[in-house]
Amino acid sequence: MGKLQDEPIPSPNPATPVGESPSSINLNSHSGPSLNSTERYFDDDPTELHADDLPPLYSDLEQGPSEPINPLIPPGTNALKVRPFLQDKNKGIEYYLDHRLDTNPEFLAEHLAHLAVIPPRPHVHIRGVHSEQVRKSDGKSERREIVDFNLQIELTHLLYEDIQAQRPFLRENTTAGNFEKVRRGTVFPTRAPGFGGAGVAEEGTPSVEEWCSRYCKSRAGLKNFSFERQVEGWDFDLLRGKLETLLRSTNYRGRLTVEFPVLNARVEIYNDCLTNRWRLTKWIEMIFVFTLMFVFTWPWLLLRTARWETVNARWHLSAVDTVGRKKYANLSEEQWYNMWARPIQKAALERRQGTLDQGDLNRAGLTPDPQGGFASAVQAGVDAMGVVNRSFGWGGDS
């Protein structure tokens, strides 16, 4: 809308803008020689936009959902051509069903190469529980398990020497050795032929491409190819002992477990057929469980499925160089323990349940508030509880 061409006729009582009362007009506003009271409520014609300045049309955008960006995968890595048929978040297992993975060895090898780039997620899991005798409303008593603390700390970043550049320390694809007892297209684990397994001895160790070829050529009605991401390079038994000693030093008397689970570690590839689709469909599985038909179907599936467990991706937390020196990707077991010992002990005494992160490290290194505020009072109470627990013991069965 442009400016008015005709000069407005002065009015002793100028009109008030629509929706405003006369008292709402700004008394400090005044019109200059080139701006009158009517002209204030009209915009100038906007400048004409060029085609390059306009936003794109919806039709110009790519159709379909975009792939989520994984910040731990090196840039430029091609996206997976096959999406998982099923993802088990609790166990960290992905299941794939695709005809190309059953019949094309090159496609299967390419798929495994991409899966190897995706890192596993190692954790430290520390849990303390004890039992208590609880009296129910009917007067009877029962023993219940009480969780004292349940802590998790992620170790994934320790697999990278430069996590900002998505550069892992050492990652390699490996195949099963001839003396390893694994499933090699069989139902039960066995060694390679000629090395304790049945069959004609073969020379050397088959490559990844060779195992992909054998899987695709197999005429088994039901077959499965497993791929596992393994984490190596730390003495986890040493670290477990140090963490147990740390928590027992607080006079904790409950049942203590220290584990090192690895999430996002396993991939299961099944040949695409109706039976395998049914076995991976949750509601069908539940029907077989409730009707007790699994008593017959699970043994049948176990004995009918040929399995390959011959290809893995190994992610190293450390490696030994040519002169025999051990080099760590990021931190050694001792360095990690020294960094996390205080936050872990503090979280256990506070009976925390959850994941510890960088914030816990920062809080463990903070000094008390000199002003003596509310946060300091709460912290002082928590510290006092910790002293009591250390003195008299805590977490024992009752």
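The values are calculated or read from the model by the stated rules, or taken from the named source; none is laboratory data. Owing to the predicted nature of the structure, the values given are computational and were not obtained by experimental measurement. For neighbour counting, all protein chains shown are included, and Cβ atoms are generated from backbone atoms with ideal geometry for every residue, glycine included.
Residues are listed down the side, and each one gets a yes or a no for (1) among the hydroxyl-bearing types (Ser, Thr, Tyr); (2) within 15 Å of HIS99 (Cα to Cα); (3) buried (at least 17 other Cβ atoms within 10 Å of the Cβ):
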position: GLU209; (1), (2), (3): no, no, no
position: TYR215; (1), (2), (3): yes, yes, yes
position: GLN230; (1), (2), (3): no, no, no
position: GLY233; (1), (2), (3): no, no, yes
position: ASP237; (1), (2), (3): no, no, no
position: GLY241; (1), (2), (3): no, no, no
position: LEU246; (1), (2), (3): no, no, yes
position: SER249; (1), (2), (3): yes, no, no
position: ARG255; (1), (2), (3): no, no, no
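Within the stretch 126-136, can one find any residue that is touching a helix residue (DSSP H, G or I) at 6+ places or on another chain (Cβ under 9 Å), surrounded by 11 or more Cβ atoms within 10 Å (Cβ to Cβ) and over 19 Å from VAL231 (Cβ atoms)? Within the stretch 126-136, one or more residues are touching a helix residue (DSSP H, G or I) at 6+ places or on another chain (Cβ under 9 Å), surrounded by 11 or more Cβ atoms within 10 Å (Cβ to Cβ) and over 19 Å from VAL231 (Cβ atoms).
Let's see how each residue does on (1) under 17 Å from the mean Cα position of the chain (by Cα); (2) at pLDDT 90 or above:
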| site | (1), (2) |
| --- | --- |
| GLY92 | yes, no |
| ALA109 | no, yes |
| LEU112 | no, yes |
| PRO120 | yes, yes |
| ARG127 | no, yes |
| HIS130 | no, yes |
| SER137 | no, no |
| GLU142 | no, no |
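Among the residues making up the stretch 218-227, those that are surrounded by fewer than 17 Cβ atoms within 10 Å (Cβ to Cβ) and in contact (Cβ under 8 Å) with a residue 24 or more places away in the chain are SER218, ALA220, GLY221.
Among the candidates GLU334, GLU309, the residue that is among the acidic types (Asp, Glu) and within 25 Å of ASN178 (Cβ to Cβ) is uniquely GLU309. Just checking, does the stretch 172-191 include any residue being in contact with a strand residue (DSSP E or B) (Cβ under 7 Å, 6 or more places away or on another chain), modelled with pLDDT under 85 and either assigned to a strand (DSSP E or B) or surrounded by 14 or more Cβ atoms within 10 Å (Cβ to Cβ) (or both)? Checked against the condition, which is being in contact with a strand residue (DSSP E or B) (Cβ under 7 Å, 6 or more places away or on another chain), modelled with pLDDT under 85 and either assigned to a strand (DSSP E or B) or surrounded by 14 or more Cβ atoms within 10 Å (Cβ to Cβ) (or both), the stretch 172-191 yields no hits at all. Of the helices (runs of 4 or more DSSP H) lying entirely inside the stretch 297-398, those containing at least 3 residues that are at pLDDT 90 or above are 333-349. Residues in the stretch 144-166 that are among the hydrophobic types (A, V, I, L, M, F, W, C), surrounded by 14 or more Cβ atoms within 10 Å (Cβ to Cβ) and in contact with a strand residue (DSSP E or B) (Cβ under 6 Å, 6 or more places away or on another chain): ILE146, PHE149, LEU151, ILE153, LEU155, LEU159.
Let's see how each residue does on (1) touching a Leu at 6+ places or on another chain (Cβ under 7 Å); (2) within 25 Å of ARG307 (Cα to Cα); (3) not charged (D, E, K, R):
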site	(1), (2), (3)
ALA165	no, no, yes
PHE179	no, yes, yes
VAL182	no, yes, yes
GLY185	no, yes, yes
ARG191	no, yes, no
GLY197	no, yes, yes
THR245	no, no, yes
ASN251	no, no, yes
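Within the stretch 88-125, the set of residues being surrounded by fewer than 18 Cβ atoms within 10 Å (Cβ to Cβ) and more than 30 Å from GLU232 (Cα to Cα) comprises HIS99, ARG100, THR103, ASN104.
State whether the residues of the stretch 201-211 include one that is in contact with a Lys or Arg (Cβ under 9 Å, 6 or more places away or on another chain), more than 30 Å from HIS157 (Cβ to Cβ) and touching a residue at least 12 places away in the same chain (Cβ under 8 Å). Within the stretch 201-211, one or more residues are in contact with a Lys or Arg (Cβ under 9 Å, 6 or more places away or on another chain), more than 30 Å from HIS157 (Cβ to Cβ) and touching a residue at least 12 places away in the same chain (Cβ under 8 Å).
Scan the stretch 137-170 for residues that are out of contact with any helix residue (DSSP H, G or I) (no Cβ under 7 Å at 6 or more places or on another chain), touching a residue at least 12 places away in the same chain (Cβ under 8 Å) and not in a loop (DSSP other than H, G, I, E, B) and the total you get is 16. Annotation note: Cβ proximity below 9 Å between a residue of the stretch 289-302 that is surrounded by 10 or more Cβ atoms within 10 Å (Cβ to Cβ) and a residue that is at pLDDT 90 or above and not in a helix (DSSP H, G or I) (sequence gap 6+ or interchain) occurs for LEU301/LEU222; LEU302/VAL187.
For ARG171, the test of being more than 26 Å from LEU72 (Cβ to Cβ) and basic (Lys, Arg) is failed. On inspection, THR175 does not qualify as within 30 Å of SER218 (Cα to Cα), among the polar types (S, T, N, Q) and without any contact (Cβ under 8 Å) to a residue 12 or more places away in the chain. If only residues of the stretch 322-360 that are of a type in the set (Ser, Thr, Tyr) and in contact with a Leu (Cβ under 7 Å, 6 or more places away or on another chain) are counted, the one that is surrounded by the fewest Cβ atoms within 10 Å (Cβ to Cβ) is TYR337. Would you confirm, using the coordinates I've provided, whether ALA220 is out of contact with any Pro (no Cβ under 7 Å at 6 or more places or on another chain) and hydrophobic (A, V, I, L, M, F, W, C)? For ALA220, the condition - out of contact with any Pro (no Cβ under 7 Å at 6 or more places or on another chain) and hydrophobic (A, V, I, L, M, F, W, C) - is met.
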